[in-house]
Structures are given as structure tokens and as C-alpha cells.
Amino acid sequence: QVQLVESGGGLVQAGGSLTLSCAASGRTFSAYAMGWFRQAPGKAREIVAVISRSGDTTYYIDSVKGRFTISRDNVKNTVYLQMNSLKPADTAVYYCNADRLFSTLVREKGDYWGQGTQVTVSS
């Protein structure tokens, strides 16, 4: 079992920045690829970004490329999502997700979820 706890969400104006954090516990953090998903009201949960176990490979959906950066600290057992130039379309609940396989997070969803953190971007 992996326990994930997100933090860092909030209300921000368009063009602003936020950094989300996801603290992991329970198993060896470095054994898991980590991802950020988001779910807007009335929409399906979608992948946003994924980072490999070592942190040397990342994946982003097109709509956040150049604006968001995923990173991880395998000593602090934490994954981050730095979000810049935020848009109202980025408004959603953001979830941390973990799986042993990077490809699983990119194509599907991993086995372990956090509780989510709300990000609201006002225009």
C-alpha cells in the first residue's frame, strides 16, 4: 500500500502560479512512477503529467506543456507539480497517482490515489 496526501491547491488569478505537493508513505517511494491527474466538474479524470521512478523521464499533456513542471524528491518522498501561467481551464481537483509502471500512468491510471486538492483559476 502507498498512501498519498496532496497539498498546495487554492484560488489564483489567471496568469498566476501554484505548486502542488504530494507526500507519499507506506512503501519505497522510488519504486513508483508518479503522476498528476485532474478532474473538472462534469468531466472525466485526465492525466496531466507523469514522472519516472528516477525522475529522468517526464510526460505532459499538450495543454500544459511549457506551463507545468513535474518533479520529485526521492529523499523527501514527495512529488511536485509547478503550475505557471494558469488558465481558467486548469480549474479542477488535482490528484496524485502512483504505479510501478510509467506507461500505466500515461495510458490508464495507477493503483494508488490521494484525496485530491482543489485548484481554482479565476478570470
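The values are calculated or read from the model by the stated rules, or taken from the named source; none is laboratory data. All of these numbers come straight from a predicted model, not from anything done at the bench. We place every Cβ from the backbone using ideal geometry, glycine too, and count neighbours over all the protein chains shown. In case anyone asks, the SASA skips ligands and DNA or RNA and just uses the protein heavy atoms, side chains included. Shrake-Rupley method; radii C 1.70, N 1.55, O 1.52, S 1.80 Å.
Restricted to Cα positions, what overall size does region 24-63 have along the principal axes? Three whole-Å values, descending.
Answer, in whole Å and largest first: 35, 24, 9 Å.
Find how many whole Å separate the alpha carbon centroid of region 8-37 from the alpha carbon centroid of region 59-123.
After rounding, the separation between the Cα centres reads 6 Å.
Give me the net charge for the shell around Ala33: Cβ to Cβ below 9 angstrom, other residues only, Lys and Arg +1, Asp and Glu -1.
+1
Take every DSSP beta bridge whose two residues both sit in the chain, then give the antiparallel share in percent to the nearest 5.
The antiparallel fraction comes to roughly 90 percent.
What is the sum of charges around Gly66, taking Lys and Arg as +1, Asp and Glu as -1, for the other residues whose C-beta is under 14 Å from the C-beta of Gly66?
+1
Between Ile47, Ile61, Ile70, find the one with the highest GNM mean-square fluctuation for the chain; connect C-alpha pairs within less than 10 Å.
Of Ile47, Ile61, Ile70, the most mobile in the Gaussian network model is Ile61.
Remind me, what semi-axes does region 1-78 give for its equivalent ellipsoid, largest first in whole Å, using sqrt of 5 times each Cα gyration tensor eigenvalue?
Computed over region 1-78, the values are 22, 15, 13 Å.
What spacing in nm lies between the two simple spin-label points modelled at Lys87 and Val106, each 7 Å away from Cα in the Cβ direction?
Label at Lys87, label at Val106, 2.3 nm between them.
For region 19-123, take the convex hull of the Cα atoms, compute a quarter of its surface area, and give me that in nm², please.
Orientation-averaged projected area of the Cα hull: 6.3 nm².
At 7 Å along Cα-to-Cβ for each site, give me the label-to-label distance between Ser25 and Ser122 in nm.
3.4 nm
How much of Phe29 can a 1.4 Å solvent probe reach, expressed as accessible area in Å² and rounded to 10?
Per-residue accessible area (Phe29): approximately 10 Å².
If you roll a 1.4 angstrom probe over the protein chains with everything in place, what fraction of the accessible area of the chain belongs to carbon and sulfur, to the nearest %?
Carbon-and-sulfur percentage of accessible area, whole number: 47.
Sorted from largest to smallest, which semi-axis lengths in Å does the alpha carbon gyration tensor of region 59-116 give for its equivalent ellipsoid, taking the root of 5 times each eigenvalue?
20, 14, 12
Could you order Glu46, Glu108, Glu6 by accessible surface area, starting with the largest, using a probe radius of 1.4 Å?
Order by accessible area, largest first: Glu108, Glu46, Glu6.
Roll a 1.4 Å probe over the protein chains and send me the accessible area per residue for the chain in Å².
Value returned for the chain: 49 Å² of accessible area per residue.
So for Arg38, Arg53, what's the accessible-area order with a 1.4 Å probe, most first?
Arg53, Arg38
Testing the spin-label approximation: label points 7 Å from Cα along Cα→Cβ at Ser71 and Thr57. State their distance in nm.
2.2 nm
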